[in-house]
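A.B. asks: Let me give you the structure first, and then I'll get to my questions.
Nothing in this text is a laboratory measurement; each read-out follows from the coordinates by a stated rule. Since this is a predicted model, take the numbers as computed values, not measurements. Every residue, glycine as well, gets a Cβ built from its backbone with ideal geometry; the counts of neighbours run over all protein chains shown.
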Amino acid sequence: MSRKSDDTRARILDATLDLLAAGAPERTRMADVAKAAGISRQALYLHYPNRADLLVAATKRLDARADIDASLAESRAAATGEARLDAFVRAWGGHVPVIYPVGRALMAMQATDAEARAAWEDRMAAVRHGCAAAVSALARDGALRPGLDERRATDLLAGILSVPLWEHLTRTCGWSQGDYLTEIRRLARAALMASP
């Protein structure tokens, strides 16, 4: 792909993220994104043939901007399941405030907008994959709570790390980000790990 094409794609994705983060998800139609990016609708469709592809690409750009891969490096390199769990909780829990404005918009849209739902489900599938890796490491170490299989443990961890729970605790209840991370780490350990 040419440099000009890459620049245009970046402009499109940034315009999409800006519209979502501005709290106006209804303004993320293809025509609105094209206008915000300063290109024609036809040019937009050359880069992103449909809105679902555009929204998925925009959320991935947000992850790349925040360098989520660097944040996850400690978790991926952890020698024990316990260390992997702790590092994953810190990484994802620290990433939620970054993606929250866009996530809030996609969550609000998903009940009536299949493309927004697909974009949000794509990102949450990536989170679930990280949860499953942490749970698998706990199981490998024999540290998973007895009676809890890996699938259910992954379900629990994904729920504990959900954006709506972060929103409730930090936005509704007024918890600091530090308090959130401390308590979510404790909750994840208590829910998933065998007692010492």
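A.B. asks: May I ask for the Kirkwood hydrodynamic radius of segment 3-63, worked out over all distinct Cα pairs and given in angstroms to one decimal? Please list the in-between numbers first.
C.D. replies: Numbers: mean 1/r = 0.0897 Å⁻¹.
Value: 11.1 Å, from the Cα pair sum.
A.B. asks: Place a +1 charge on the Cβ of each Lys and Arg in the chain and a -1 charge on the Cβ of each Asp and Glu, then give the dipole magnitude about the Cα centre in debye, rounded to the nearest 20.
C.D. replies: Values: 27 positive and 24 negative charges, 52 e Å.
Computed about the Cα centre, the dipole is about 260 debye.
A.B. asks: Calculated from the structure, volume of the Cα convex hull per residue in Å³ equals which of (1) 116; (2) 129; (3) 166?
C.D. replies: Looking at volume of the Cα convex hull per residue in Å³ for this model, the match is (2).
A.B. asks: How much length, in nm to one decimal, is gained on full extension between Leu165 and Ser136, taken as 0.36 nm per residue of separation minus their Cα-Cα distance? Before the final figure, lay out each step's value.
C.D. replies: Values: separation 29, 0.36 × 29 = 10.44 nm, distance 2.33 nm.
Separation in residues times 0.36 nm, less the Cα-Cα distance, equals 8.1 nm.
A.B. asks: Go through segment 19-60 and name the trypsin sites (Lys or Arg not before Pro) that are in a DSSP coil and have 10 or fewer other Cβ atoms within 10 Å of their Cβ. Before the final figure, lay out the partial values.
C.D. replies: On the way: sites: Arg27, Arg29, Lys35, Arg41, Arg51, Lys60; in loops: Arg29.
Of the trypsin sites (Lys or Arg not before Pro), not one in the loops of segment 19-60 has a Cβ with at most 10 other Cβ atoms within 10 Å.
A.B. asks: Please work out how much length the chain gains when fully extended from Ala194 to Ala77, using 0.36 nm per residue of separation minus the C-alpha to C-alpha distance, in nm with one decimal. Don't skip to the answer; put the middle values down first.
C.D. replies: Values: separation 117, 0.36 × 117 = 42.12 nm, distance 2.21 nm.
In short, 39.9 nm is gained.
A.B. asks: Counting Lys +1, Arg +1, Asp -1, Glu -1, what net charge surrounds Cys173 among other residues with beta carbon under 12 Å of its beta carbon?
C.D. replies: Numbers: positive: Arg171; negative: Glu167, Asp179, Glu183.
Here the charged neighbours net out to -2.
A.B. asks: Based on DSSP H runs of at least 4 residues, each adding -39500 (n - 2.57), what is the mean residue ellipticity at 222 nm of the chain after dividing by all its residues, to the nearest 500 deg cm²/dmol? Spell out each step's value before the answer.
C.D. replies: Numbers: 10 runs with 146 residues, N = 196.
Rounded to the nearest 500, it is -24000 deg cm²/dmol.
A.B. asks: Also: Mind jotting down the distance between the C-alpha centroids of segment 129-196 and segment 1-80, whole Å?
C.D. replies: The distance from the Cα centre of segment 1-80 to that of segment 129-196 comes to 29 Å.
A.B. asks: Here's something else I'd like to know. If we count every other residue with Cβ under 12 angstrom of Leu156's Cβ, Lys/Arg +1 and Asp/Glu -1, where does the sum land?
C.D. replies: Details: positive: Arg128, Arg145, Arg151, Arg152, Arg189; negative: Asp149, Glu150, Asp155.
Neighbourhood net charge equals +2.
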